[in-house]
Structure formats: C-alpha cells, structure tokens
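First the structure, in the form of structure tokens, and then the observations on it.
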Amino acid sequence: MHESCSVFVDAAVESGGPRPLEDEVTDLYLDHRGALLRYLFSFGLSPQDGEEVVQEVFLALFQHLRKGKARENLACGNLLQNLPPQNLKGWIFRVGHNLALKRRTQSGRESFAANHQTLWRNHWDTAPGPEEQAIDCQRQARLLAAVRAMPRRDQSCLHLRAEGLRYREIAEALGISLGAVALSLGRSLARLSRADAR
Amino acid sequence: MTMRYDPHIPDRELVQLADAELPAVRSSEARVHLENCVTCRARQDELERARERFFSARSEEFAAQVPAVDSSAALLRARMAGLASEREVPGFWSGRHRAALAGLAAILVLAAGVAWWMDGYRRYPLKPDANLTPGATLSVSREQLCSAPEADGLRVIPAALAGEVFHSYGIRGPKPRNYEVDYLITPALGGATDVRNLWPQPYSRGAWNARVKDALEDRLRTLVCRGAIDLYTAQREISTDWIAAYRKYFHTGTPLPEHARFFKDRPWE
Ligand SMILES: [Zn+2]
C-alpha cells in the first residue's frame, strides 16, 4: 500500500564504494536522536544535558566502530550491517541509560528531582481551556505521576517500549532477560489501567 | 497467599500478545481463548487504553522539548572528525591532555561541520524544492478518487523519469536505499506522475522521512473521502509544507511513535 507511490533506487545506481563511517554514524544519529533524547528526559535530564549525553553516546559508537573496523580490517562492505540491528539499538540505549544515571548522580539528586518536577508539571499548569480538556489533562497528569512512582526499571521498560523498541532491544538496553521485560510491562500497564480508572 | 487456578490470560501475556511478543504456540492458544472470553477481551482493552493514554500523554509532554537537530548534528560531525584525526599516542597525550586536544580539534572543525551540514541539506532535502517540484495534479473529482480502490497496485516510476528527478536536484549517483522517488501529491489525492510532482525523498534519514509522509497521505485521503476537508485543500497543504500539514492533522510537533515505528527496523531488513 505505502510502497505504491514510490520506488527504491537500489537498482538504478552504481555503488560508490563503502560509505565513510562518519556518514553511517550520522545517519544513525539522525534516526535515533529524538527517541534517545526523550528517553533521557524520562530521567529528568534537562534538554542541554540530554543533548550532551546523546553526543557522547554517538561519539562512543563512532569510536567503538572505528576500533572494530581497525581490528577486523574490513576493506569493503558496510560495517554496520555486520552488527545485528537489535544489538545496535540496544547498545545505543544502554550507553545512554548509563550516562544518564551517571549525570544524575553528578548533578545531585535534589536539584535534579526539582528540575524533573517542573519539567513534567509546567505543561499542565499552562494548559487552558474547557472543562473536558481539564479532565483530560488531569487524567494524563495522573498517568504520568503513576509512572514516575514506579521503580526505575519499570519506567525504563515503558519509555523504551513507547519509543518502539522490541522486547529483545529493551532487554539488551537494560541488561535484563526477555522474561523480565514482559513481566515489567505487564505489571506497569496493569498499574496504569488502575490509575486511569480512578 | 493461596494459589488459585485462574482460567484467564494473565496481564503479562495480554500485553505480550498486543506487542506481538508472545511465543507462537502460546499466542495461538491465547487468541482462541480471547475469541471466546469476554472478560479477557475487556481486560485487554483496558490495558491497551491505558497504554495509549500514557503514550500520548508522554509524547505531548516531550514533543516540545526536543531541540532542532541542525547544529547538534554538525557538532557531532565536527567531534567525529576531531577523533578521527587524533593519533593513538601513549603517555603524555593520554587522558586529560588528549581530551583537551580533542576539544580543541572539535572547535576547529566545527565550521567545516556546519558547512557539511548545509551541504547535507541540499543533498538530503526534507522538503521538496518548490521551484523544482511545485506539484502537479490530474483533473479528477473527489468522488472518482474515493470510489477507486485505495491500493491500486504497485506504481512504478519509470527509471528515466526518476533519473530526471535526481538530475534536477543535482544528485549524481544516488546511494542505494538512501532515497525513494516520491510523489509530492500522492496519486491517492489526485497527484500526477510528472517530474513537477516527484522529488527525491530521504528514505530513513531523520524523523521526517518517507514513512511519516505516508501516514499523512493516508490521513488526508481519509479526511477528504469523509468530506471533512476538500480535495483542493489537501493537495495544497501537502504540496506547500507537508511537515506543517502533518503537525496540523496529527496535533503533534514530532512524528508519532507509531508512524516513526514503520521505518525503524526497515533499513536493516
Ligand atoms: Zn478469559
């Protein structure tokens, strides 16, 4: 259906040799930046801190791949295609997760929590409008509050799932088993449905 | 706690089923049970409603906070260039000094990074150039369009025409899987197969890619056929600024996860 209006250019072009690693990493950056930033915001990181962590993650990826490239001495071919995609995405989020935790410790938990609160709250304070909208906002605020009250791992599973990660990618990112991911999501959605029904 | 036999599907499995993450054997059992059990169907609805509400609350919350990508991507390019030019020197140039050097290099090549990024914008347009691709339509009515089946087969753009499109955008030897030649105004909304209505759209690059535009096209067609907006308005809005139109019709600043999700795994498959 979606394919009907477009055509791939695979066949139409001559290949210009392997792409520079910088281009590959930039493409990955452009594809994953938004999702990773939003995930970092869920730790209460400020937009500036989030942006900085994302940079660190992709620089680390660049270094990681460079070393791999040097070691394996791949003369041609696309290095990234040799990495299973779920590992790559899991890897990106795992490094981001660890850096976020580190940054949170550094910046001090209290100021951090305060930042988090305002970050989440200001939307609801400024939302004007009719009564239905207010009720809608209250419900949304309740759901977000319910998530913030969850253990960090459950929060992480929910946020990563919201960004479209598969269970195996979430497991990789958090260093837990597939079963633990399923258990966490089941438990969290049950909690959310209770908060939603209140 | 006393253990009791519960014939119903546990929450965890209902969620796994909705996520297509339940192992195949268990999945078909669960489906059969669901078909026959009102209780479990209601429970699954409850869980999915809660999920949808959380996801949408979350995306509203975060949408405004993601800063524009431009300068940050240029900075990353600059930093990578800095790292790439760095030699592996042990001793003095390790640790602190090396970090300082890398920082300096990053600043020095930032300008180059910005230049690259501007060039990138030319090579990877998010939106078509209005001069090259103003849009072109067939004269069809809403009734004709909406009575036609939605998926009318694979529409192959002739290679010569695709070549003409790349040429007009100054793209020589486009890299495989980087682009699709896309209609500015989709045929589902009366768009013509004409060089003025075709442009090289980055396939997976960034958030505003071909998948997201596809979602907008579906939405506009639905609205047109439902009579919520007229055909001309839909054609105008998608050809003027499709990203603005997406934001307007999906009430969001950034692509919704369910639309972004379409492309996420694709380039690897
Ligand atoms: Zn049941």
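The values are calculated or read from the model by the stated rules, or taken from the named source; none is laboratory data. All of these numbers come straight from a predicted model, not from anything done at the bench. All Cβ positions, glycine included, derive from the backbone under ideal geometry; neighbour counts span all protein chains shown.
Brief remarks on what is shown
- Considered as a group, the residues in segment B:11-28 that are part of a loop (DSSP other than H, G, I, E, B) and surrounded by 15 or more Cβ atoms within 10 Å (Cβ to Cβ) include one that is nearest to the ligand (Cβ to nearest atom), and that residue is B:Leu22.
- Among the residues making up segment A:19-59, those that are aliphatic (A, V, I, L, M) and either facing another protein chain (nearest Cβ under 7 Å) or over 14 Å from B:Pro67 (Cβ atoms) (or both) are A:Leu21, A:Val25, A:Leu28, A:Leu30, A:Ala35, A:Leu37, A:Val57, A:Leu59.
- Matching residues in segment A:141-151 - criterion: being under 21 Å from the mean Cα position of the chain (by Cα) and either within 9 Å of another protein chain (Cβ to nearest Cβ) or more than 13 Å from A:Arg194 (Cα to Cα) (or both): A:Leu143, A:Leu144, A:Ala146, A:Val147, A:Arg148, A:Ala149, A:Met150, A:Pro151
- If you go through segment A:180-198 and keep only what is without any contact (Cβ under 8 Å) to a residue 40 or more places away in the chain, over 21 Å from the mean Cα position of the chain (by Cα) and either buried (at least 21 other Cβ atoms within 10 Å of the Cβ) or at the interface with chain B (Cβ under 7 Å from one of its Cβ atoms) (or both), you end up with A:Ala190, A:Ser193.
- Test: A:Arg161 is facing chain B (nearest Cβ under 9 Å) and not aliphatic (A, V, I, L, M): yes
- A:Asp125 being surrounded by fewer than 19 Cβ atoms within 10 Å (Cβ to Cβ), at pLDDT 95 or above and more than 9 Å from chain B (Cβ to nearest Cβ): no
- Some residue of segment A:50-67 being at pLDDT 95 or above and among the polar types (S, T, N, Q): yes
- Some residue of segment A:72-88 being of a type outside the set (Ser, Thr, Tyr), over 30 Å from B:Leu161 (Cα atoms), at pLDDT 90 or above and not in a loop (DSSP other than H, G, I, E, B): no
- Scanning segment A:153-167 for residues being part of a loop (DSSP other than H, G, I, E, B) and among the charged types (D, E, K, R) gives a total of 2.
- Test: residue in segment B:29-52 that is among the basic types (Lys, Arg) and away from the ligand (no atom under 16 Å from the Cβ): yes
- Number of positions in segment B:68-85 that are within 19 Å of B:Tyr246 (Cβ to Cβ), of a type outside the set (Val, Ile, Thr) and either within 16 Å of the ligand (Cβ to nearest atom) or at the interface with chain A (Cβ under 7 Å from one of its Cβ atoms) (or both): 0
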